[in-house]
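Undergrad: This is the structure I have questions about; it appears just below.
The values are calculated or read from the model by the stated rules, or taken from the named source; none is laboratory data. Remember, predicted model here, so these are calculated numbers, not experimental data. Reconstructed Cβ throughout: ideal geometry from the backbone, glycine too, with neighbour counts over all protein chains shown. Calculation scope for accessible area: heavy atoms of the full protein, side chains included, ligands and nucleic acids excluded. Shrake-Rupley method; radii C 1.70, N 1.55, O 1.52, S 1.80 Å.
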Amino acid sequence: MSHHTQDEYVSWCVANAATLTAKDFMTAFNIRTREVGLRNYNNILCSEEMAHLENIKNLWAEFREWKGSLEEQAYWSAARLEHERETVTQSLSVNALQGIKRRGELEIELIHNKRPSTTARVSGEEPTVVDQQIVYHPSSPTLSLASYTWDINDDADFWNCWLKLLQSNIPHGLSLEHAHIIQCGFSIKCDPRIPGDFYKFLDLKGVSSRICSQSVPYLRLYLDAARSEDLNAMVEAGARVSLLDNVSSRPFFRKILTHYPQYVYGNLTGLQVSEIAFNHRAIWPLFEAISDSLPGTEFIPGETRLQAIKTNVDESQPGYNADGLLKINDGFELLLLETSGPYNNEDKPRHGFDHVKAAFGLRMMLRAIFHKYYFGGELARELALYFAHVRGKKLHIWSLSMPTDNILVMDRIACLQIPVEIADRNVLLTLLNSLWALKVLLSRTMQVIADMRELHTSTLEKYEMGDQLEECTDLRSLLCNENPKPTKQTGAGDLLPLSSPGLDPLELGSPYLIVENIAD
């Protein structure tokens, strides 16, 4: 697995831009997981350094053509087999070697359009007959990619296997596995039902940006005032946004850095009075700042009815009130906010229930887009919506996407401490970098929705003109199983994914994916 930084990726791609292809990048950095490779290469092409290249449009065209091609399938097939061979060489038995051999035979059969035999081998056991399913043998409580032959030929197989493992032992009636939602994240403790090998394949990272390092003259004045604990000087420094070269970031910085000295710092008691006071003083301004810097959007604070519910269920069904929504003007909802009580609230059952309720809301938001642009094609795989959960002293940011049909992945991309003291300067900078990254990701979501709309319109246009249409999935057929709005139950506090203790970015090397601005 590759352990290079985003800067190293970008530098190499810029140096080789004249002849660069997606396959060249994957090969050069020995990337063996499709999801990781495509995500990294997409972020590279979106970077500021690549955006200025004369042939950037050609690079994008080559990337789109490569995705889904036979050449791409052959590359990932070879990469997977090579990874397993290396694993076997290190520690595995003869039985595992035989499993690798069987995987190779299966792939050869698939290449020649033969129906693979329905036999999967379990290390140390007789073959077990299956019908296009993953094999779980009762004699082995601990599963691993090394000791089992998994029919994992693409991303769909990978996620289906993960979901099957989760559904083998669902602990609670509100567990998200019932809604086919898989939870993961770079700082989430591994689920004991999932082999560690699966997490290694994901190469999960948090999300951040470099917006603070690009705003040094402006921020230096603010930080100097903070060191002096001069609140008035901090407000004045926060208002001097003319020092910022990045014009689009000016509303973002002004909103947060003038508001927090006035209403947050030194007002800890006020943050703990009630949820509404906490939201008003410390939380809503953060998302208003993102919306202010993201044209075409608005943030609606307070108890806000989720409009996506109306698209999905009849009016007799109970509605969903979020603590805030960020949405496209007169359009789709992109992010919902849930705040579980005032600052430092430790009501775990409430935290757990709000987490599950928000996952339900996100699913309905995604489904609303699918029902509007149902001929959005493979672009649906690139669509991500977001959930911000404020609980205790932290802000958790989750994304929801559908990497394969009817399986949703909910990925925690940030876990942020909320700065409540003037001395929390480093905490503030981390918050700013991560929220700006979220802003960029939301702008990408808006672009994907616009692309889905165009593809949907073009498909229907061709149909009306009598043109030959390519086969495509009607997205209305996905996520069609109804999942009722969750109701409060005992044990909800146990539904929160556990965080890995002692997460130290300095020890982990590069735990963050740096999200660059999209070129204008």
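Undergrad: Per residue, how much accessible surface does the stretch 345-445 expose to a 1.4 Å probe? Answer in Å², no decimals.
TA: 27 Å²
Undergrad: Percent of accessible area on the stretch 295-442 owned by carbon and sulfur, 1.4 Å probe?
TA: On the stretch 295-442, the fraction of accessible area on carbon and sulfur atoms equals 45 percent.
Undergrad: Can you work out the Karplus-derived ³J(HN,Hα) for every residue in the stretch 446-456? Use 6.51 cos²θ - 1.76 cosθ + 1.60 with θ = phi - 60°, whole Hz, and x for glycine or proline.
TA: The phi angles translate into 4, 5, 4, 4, 5, 5, 4, 4, 5, 5, 4 Hz.
Undergrad: At a 10 angstrom cut-off on C-beta neighbours, averaged per residue, how do the peptides 443-450, 53-60, 71-78 rank from highest to lowest?
TA: 443-450, 71-78, 53-60
Undergrad: For the modelled label position 7 Å from the Cα of Glu35 along Cα-to-Cβ, which residues of the stretch 184-203 have backbone nitrogen atoms closer than 11 Å?
TA: Answer for the stretch 184-203: 184-186, 198-203.
Undergrad: Okay, next question. Using modelled amide H (1.01 Å from N, peptide plane; none on Pro or chain starts), what sits under 5 Å from the amide H of Lys393, excluding residues fewer than 5 places away?
TA: Here Asn344 satisfy the definition.
Undergrad: Could I ask something else about it? For a 22 Å ceiling on Cα separation, which of these pairs sit above it: Lys57/Lys327; Lys205/Lys372; Lys164/Lys189?
TA: From Lys57/Lys327; Lys205/Lys372; Lys164/Lys189, over 22 Å: Lys57/Lys327; Lys205/Lys372.
Undergrad: Which of Val390, Thr297, Pro349 sits farthest toward the positive end of the charge dipole of the stretch 278-401, with +1 on the Cβ of Lys and Arg and -1 on the Cβ of Asp and Glu?
TA: Looking along the dipole axis, the top candidate is Pro349.
Undergrad: Which value in nm describes the separation of the simple spin-label points at Glu54 and Thr269, placed 7 Å from the Cα toward the beta carbon?
TA: 6.8 nm
Undergrad: Still on this structure: Which order do the peptides 37-46, 432-441 take when ranked by the mean count of other beta-carbon atoms within 10 Å per residue, highest first?
TA: Ranking, from highest mean packing down: 432-441, 37-46.
Undergrad: Spin-label point model (7 Å from Cα, Cβ direction): what's the Cys190 to Leu469 distance in nm?
TA: 4.6 nm
Undergrad: While we're on this one: Could you work out how much longer the chain between Leu70 and Asp157 gets when fully extended? Use 0.36 nm per residue separation minus the Cα distance between them, nm to one decimal.
TA: Net length gain for the segment: 29.6 nm.
Undergrad: Near the amide H of Tyr320, under 5 Å away, which other amide H atoms are found, from residues 5 or more places off or on another chain, if H is placed in the peptide plane?
TA: Leu306
Undergrad: Kindly write out, for the stretch 43-49 in residue order, the coupling ³J(HN,Hα) from the Karplus curve 6.51 cos²θ - 1.76 cosθ + 1.60 (θ = phi - 60°), rounded to whole Hz, with x marking Gly and Pro.
TA: 5, 5, 5, 7, 5, 4, 5
Undergrad: Order these peptides, 176-182, 23-29, 251-257, by their mean beta-carbon neighbour count within 10 angstrom, highest first.
TA: Most protected by this proxy first, the peptides run 251-257, 176-182, 23-29.
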